[in-house]
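Here is the structure we will look at, set down as structure tokens.
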Amino acid sequence: MVYYPRSKKVIAKEKAKEKVRKAKAEPLIRKMPISITLLKKMDGGDKLSDRLLSKLRGHSMHHSLKHMKQMVKDLSKGGSFSKAHKDANKNVGV
């Protein structure tokens with residue numbers, strides 16, 4: 001097998017293609033988290049502790065409103081955070 005070194009132009013093109021591919025693959029990230037008052041207004045949100053609400057607020061930056069509503073509902077029934085997250089991903093999506 002003969003090895004041909006790649007030129008700088010070829011390497012630059014490959015890097016540009018990889019950068020575009022990564023940009024398309026990354027999901028959109030919410031810039032602002034959901035407020036704690038909105039989380040409390042969700043179905044069962046008033047039953048949750050302040051510590052859990054603040055954890056959900058930080059979690060909401062990366063997930064949709066539907067996902068967060070499902071998580072609040074599961075957590076108010078007594079489930080764990082990770083179980084509620086897995087169920088929300090399965091049922092509603094990210």
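The values are calculated or read from the model by the stated rules, or taken from the named source; none is laboratory data. Here the structure is a predicted model, which means the values were calculated and not measured. With ideal geometry, Cβ positions are generated from the backbone for all residues, glycine too; neighbour counts draw on all protein chains shown. Ligands, DNA and RNA are excluded from the accessible area calculation, which covers all protein heavy atoms including side chains. Shrake-Rupley method; radii C 1.70, N 1.55, O 1.52, S 1.80 Å.
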*Could you tell me whether any residue of region 30-41 is open to solvent by 100 Å² or more (accessible area, probe 1.4 Å) and under 14 Å from the mean Cα position of the chain (by Cα)?*
yes
*Among the residues of region 80-94, write down those that are among the hydrophobic types (A, V, I, L, M, F, W, C) and in a loop (DSSP other than H, G, I, E, B).*
Val92, Val94
_Cβ-Cβ under 7 Å pairs, at least 6 apart or on other chains, region 57-79 side part of a loop (DSSP other than H, G, I, E, B), far side open to solvent by 30 Å² or more (accessible area, probe 1.4 Å)_ = His63/Val94; Ser64/Val94
_Return the residues of region 65-81 that are open to solvent by less than 60 Å² (accessible area, probe 1.4 Å) and under 10 Å from Ile34 (Cα atoms); say none if nothing qualifies._
Met68
